[in-house]
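What follows is a short report on a single structure.
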Amino acid sequence: MTEINSNTPMDDLTIGGNIYQAGNAREFKTGDWRSSCPVFHEEKCKQCGLCFAVCPDDSIPVGKDQKRTDFNYDYCKGCGVCAKVCPFGAIEMKEGVNK
Amino acid sequence: MSIRERLSGNEAVATAMKQINPDVVAAFPITPSTEIPQYFSTFVANGSVDTEFVAVESEHSAMSACIGAQAAGARAMTATSANGLSLMWEMIYIASSLRLPMVMNLVNRAVSGPLNIHNDHSDAMGVRDSGWIMLFSENNQEAYDNNLMAHRIAEHKDVQLPVMICQDGFITSHSIENIELEDDETVKKFVGEYHPEHYLLNRKEPIAVGPLDLQGYLFEHKTQQANAMRNAKKVIEEVSKDFEKLTGRKYSFFEEYKLDDAEIAIVCMNSTAGTTKFVVDELRSKGVKAGLLKIRMFRPFPTVEVAKALSHLKAVAVLDKSDSLNGAGGALYEDVVSSMYVAGNNVPMVNYVYGIGGRDTKSDDIESVYTDLQEIAKTGKIDNPYRYLGLRKGDAK
Amino acid sequence: MPYNLKEVVANKPSRFTAGHRMCAGCGAPVVGRMVLRALKEEDHAVIANATGCMEVSTFIYPYSAWTDSFIHTAFECAGATLSGAEAAYVSLKKQGKLPEDEHTKFIAFGGDGGTYDIGIQSLSGAMERGHDMVYVCYDNGAYMNTGIQRSSATPKFADTTTSPAGKVIPGKMQSRKDLTEIMVSHHLPYVAQTLALNPFKDLYEKAEKAIYTKGPAFLNVMAPCPRGWGYATDELMQINKLAADTCYWPLYEVVDGKYHITYKPAKKLPIEEFLKPQKRFRHMFKPGNEWMIEEFQKEVDRRWQDLLDLEEVTNK
């Protein structure tokens, strides 16, 4: 975990604003940006893969079995790109932060 | 073992760079520093160094490439002058704020405009608040020696700031003088190897450099830089002492020339100090108690030490080879005056802007300053502290 | 092994993480992430980013959305900055200071402002010097980070905040600079133009070639901006498809001077199809402004024909 925040004393900040934990942005949740929310209807999903790479926020988990699971709502900003590319109606956008 | 040679200031710097053998040099030609990358690229072409020489398309890219190289974990060096430094300006601040201990040789020249390729210090003065350590050199020997010391100062864990080494364009960069060089092995040993703690090329610990640094952090990051600059003083002192042990050549924050018992003194930087020493000797032979304080370490500025060294004087003249165009006085003058004021030293002080655009400053000119100082010492009066030396039509009004 | 999207996404971890703060529906992270997926998993990367949307959203202290090493210095010098890092790598490797059997690849990302405009000198220099690196321009056709100002990548007639469609001047009056062709003129071993088109084969394969071709390579990737272009955030992939199908943004590569068009639409669509969903072109559809669409179409047709000709000529 990144132990730096805006109360951290000066001497404990990394110099130059360097970050030594690459990829730690994952600790910053963007899910509360959503104003509409994708709902994954697994039963309709054919695992075609068309939504796998279109998510700007990397919020569609894909396992080693090449199958996707439900959205990662910690990060999903609700843009709806995934719903629009799904040919099977397996992703439905609903108003609001939560499904 | 020291080796006696005859080299120009640029050759001396290139020789130091060859002995330092940095991993990357990125540079762009600009008078009067051009010879440095020229000589150096010959070393590269002949396989005398391990350096990757990046012949960039501009000085902005030279500094950017040095930043990329140093952040990647390499020792990076460059050289430039005047407008080249102006073009780098944005990156100069970024290099120091990213705490990258690179070394740059600045062969001082007038910044345009109008265009002029000759020496003054307007280039250096433009970056005096950029967070670089700035060392000034009277001659080829000092330029060489400062290079040998620079990496150890820059890379010290309490510092981690870039170092800029200044010398006067043409006056020293192109004049061939005697010099004592150290042998390659001695230099290698003195400079040491560079082992950064965090660097881009360390795949075991990928890092991110150069964030968007918002209101909650930038103030602290800048103050960390300011503290590193404060720490640099002690490190410069230590490295200079080590260097003296090795070579017998003594360096401090500044050089005091016949200052101890002086009544009047000049404060200046770079090659003018050589001319001033000559004048001091002449005046001393006539019984005038003249002295000189030559600043070597301009950033960080040795406020307390300068104030102490000048405290006993009856009058002081600060020579600025750059006009700040601010209606108040040159940059060095302001630093010296504020140092004195804070220390409670009430010595009459006067400023001379001189040598702009390579205007020759002769011993007669320097002597006229001491003549003025004698008058000020006698009366304690200064009509106009912001003066010009060697300018036609006398004082600017 | 032939490209398979599902395999790539399943087996290659994302090197451009969630938790970045680019806008919802932004076209750029999709591109950046897929470009990085083209890296061999065992290879380390040093990524340089020009100041722009991507930089200020992915590395806000103390959070980095990059799992590789990352450096940002300023707006106009991603090319030069990365060239320095690459030179450091070459030097340290030569001196035996880095393990011989481990590899680092060098990838720069810049928006069109940082690439076509203020950064073109730095880019040109880095490419000409032959550093082993890839420069990826994500082209969203304006300075989006500062609030949608026109750049030299902005298409003609587009309404931006510094080329507003007014009563007298109907948007940007100059044509878009063709940066891809400028980079071709650098005679690089690999230059390509692409965009994110499901199943991302074109983008992935070009990124892979760019990364693993020795020497300098350039990728120009259109990356739509819902805010700046004025379309609903969910239409990213449809806008991309229309750009390809109208030949507004041809997909092609130039390998050692030989052109290869990698996507030829079965039916080339009229340019209105691409323009219509975007508010930045709305004024072009007002009565009396038909000439603007005609002119736009002519320009697209001419450039497409040029490409077809180049493909033919260079492969003779």
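What are the aspartates and glutamates whose alpha-carbon lies under 17 Å from the alpha-carbon of A:Lys64, with same-chain residues fewer than 8 places away excluded? Excluding near neighbours in sequence, the set is C:Glu7, C:Glu41.
Here is the P(r) of the protein assembly as shown: all C-alpha pair distances, binned every 10 Å from 0, give 3, 13, 21, 21, 16, 12, 8, 5, 2, 0, 0 in whole percents.
Counting only helical runs of four or more DSSP H residues, what would the 222 nm mean residue ellipticity of chain B come to if each run contributes -39,500 (n - 2.57) and the total is spread over all its residues? Calculated mean residue ellipticity at 222 nm is -13000 deg cm²/dmol. Straight-distance candidates among the aspartates and glutamates for linking to C:Lys258, with alpha-carbon spacing under 16 Å and chain neighbours fewer than 8 residues away dropped: C:Glu181, C:Asp306, C:Asp309, C:Glu311, C:Glu312.
Largest GNM mean-square fluctuation across B:Thr42, B:Thr276, B:Thr361, computed for chain B with C-alpha springs under 10 Å, falls on B:Thr42.
Here the label points at B:Gln215 and C:Glu272, each 7 Å from Cα along the C-beta direction, are separated by 5.0 nm in the simple model.
GNM remark for chain B: springs join alpha carbons under 10 Å apart, and the peak mean-square fluctuation among B:Glu155, B:Glu180, B:Glu57 falls on B:Glu57. At a probe radius of 1.4 angstrom, the accessible area of segment B:103-216 per residue rounds to 36 square angstrom. Quick one: of the DSSP bridges fully inside segment C:5-314, what percent are antiparallel, nearest 5? The antiparallel proportion sits near 35 percent. Calculated mean residue ellipticity at 222 nm for chain A: -1000 deg cm²/dmol, from DSSP H runs with n ≥ 4 weighted as -39500 (n - 2.57), summed, divided by the residue count and rounded to 500.
Using the Cβ of A:Asp57 as centre and a radius below 12 Å, the other residues enclosed give a net charge of +4, where K and R count +1 and D and E count -1.
Accessible surface area normalised per residue over segment C:5-314 is 34 Å², counting heavy atoms of protein chains with a 1.4 Å rolling probe.
For segment B:254-389, just say rounded, prolate or oblate: build the C-alpha gyration tensor, square-root its eigenvalues into a ≥ b ≥ c, call rounded for a/c under 1.5, and beyond that prolate if a/b exceeds b/c, oblate if not. Rounded, because the longest to shortest axis ratio a/c is under 1.5.
Net charge within 9 Å of C:Arg15 by Cβ-Cβ distance, Lys/Arg positive one each and Asp/Glu negative one each, not counting C:Arg15 itself? Its environment carries a net charge of +2.
Per the accessible-area calculation with a 1.4 Å probe, the total area buried between chain A and chain C rounds to 3200 Å². Residues whose amide H comes within less than 5 Å of that of A:Ile91, counting only those at least five positions distant or on another chain, are A:His41 (H built at 1.01 Å from N in the peptide plane).
Give me the accessible area buried between chains C and B, both sides summed, with a 1.4 Å probe, in Å² rounded to the nearest 100.
Heavy-atom accessible area buried at this interface is about 3200 Å².
Charge tally for A:Leu13 (other residues, Cβ to Cβ under 13 Å; Lys, Arg +1; Asp, Glu -1): -3. Over chain B, with a Gaussian network built from C-alpha contacts below 10 Å, which listed residue (B:Ile165, B:Ile179, B:Ile36) shows the highest mean-square fluctuation? Comparing B:Ile165, B:Ile179, B:Ile36 in a Gaussian network model of chain B, the most mobile one is B:Ile179. The value for segment B:8-167 of Rg(Cα) / (2.2 N^0.38 Å) is 0.92. Take B:113-119, B:21-27, B:230-236, B:136-142 and order them by the average number of nearby Cβ atoms within 10 Å per residue, most first; the result is B:21-27, B:136-142, B:230-236, B:113-119.
For segment C:221-263, accessible area lost to neighbouring protein chains reaches 10 Å² or more, against the chain alone with a 1.4 Å probe, at C:Thr233, C:Asp234, C:Glu235, C:Leu236, C:Met237, C:Gln238.
Of all lysines in the structure, those lying under 27 Å Cα to Cα from B:Lys245, and not within fewer than 8 positions of it along the same chain, are B:Lys18, B:Lys157, B:Lys188, B:Lys189, B:Lys233, B:Lys234, B:Lys258, B:Lys277, B:Lys294, B:Lys308. Here is the P(r) of chain B: all C-alpha pair distances, binned every 10 Å from 0, give 5, 24, 33, 24, 11, 3, 0 in whole percents. Remark on C:Ala223: its backbone amide H falls under 5 Å from those of C:Asp139, C:Asn140, a criterion applied only to residues 5 or more positions apart or on other chains, H modelled at 1.01 Å from N.
In the full protein context, chain A carries 49 Å² of accessible surface per residue, based on a 1.4 Å probe and ignoring ligands, DNA and RNA.
Label-to-label distance for A:Glu3 and C:Glu102 is 2.6 nm, based on points extended 7 Å past Cα in the beta-carbon direction. Between the alpha-carbon centres of segment C:78-147 and segment B:223-254 there is a gap of 36 Å. Peptide C:5-16 has a mean shielding of 5, counted as Cβ atoms of other protein chains within 10 Å of each residue's Cβ.
How much of the accessible area of the protein assembly as shown, in percent, comes from carbon and sulfur atoms when a 1.4 Å probe is used? Heavy-atom surface of the protein assembly as shown belonging to carbon and sulfur, 1.4 Å probe: 52 percent. Report note on the peptides B:189-195, C:110-116, A:23-29: ranked by the mean count of other C-beta atoms within 10 Å, highest first, their order is C:110-116, A:23-29, B:189-195. Rounded, prolate or oblate for segment A:29-95? Axes are the square roots of the Cα gyration tensor eigenvalues, ordered a ≥ b ≥ c, and the cut-off for rounded is a/c under 1.5. The shape class here is oblate.
The relative contact order of chain B comes to 16 percent, based on Cα pairs under 8 Å that sit 6 or more residues apart. Taking all protein chains together and rolling a 1.4 Å probe, C:Tyr212 ends up with roughly 70 Å² accessible.
Among the residues of segment B:183-219, which ones have their accessible area go down by 40 Å² or more when all the protein chains sit together, as opposed to their chain alone (1.4 Å probe)? Buried on complex formation: B:His198, B:Leu200, B:Leu201, B:Arg203, B:Pro206, B:Ile207, B:Ala208, B:Val209, B:Gly210, B:Pro211, B:Leu212, B:Tyr217.
Modelled label positions at C:Lys40 and C:Asp309, each set 7 Å beyond Cα in the direction of Cβ, lie 4.2 nm from each other.
Averaging the sequence gap over all C-alpha pairs within less than 8 Å and six or more residues apart, then dividing by the number of residues, gives segment C:1-141 a relative contact order of 26 percent.
One Cα centroid belongs to segment C:236-307, the other to segment C:3-22; the line between them spans 29 Å. Convex hull volume per residue, computed on the Cα atoms of chain C, equals 136 Å³. The separation of segment A:48-99 from segment C:179-232, counted between C-alpha centres, amounts to 25 Å.
The values are calculated or read from the model by the stated rules, or taken from the named source; none is laboratory data. All values derive from a computational prediction rather than experimental measurement. In this analysis, Cβ positions are derived from the backbone assuming ideal geometry, glycine residues included, and neighbour counts consider all displayed protein chains. Only protein heavy atoms, including side chains, enter the accessible area calculation; ligands, DNA and RNA are left aside. Shrake-Rupley method; radii C 1.70, N 1.55, O 1.52, S 1.80 Å.
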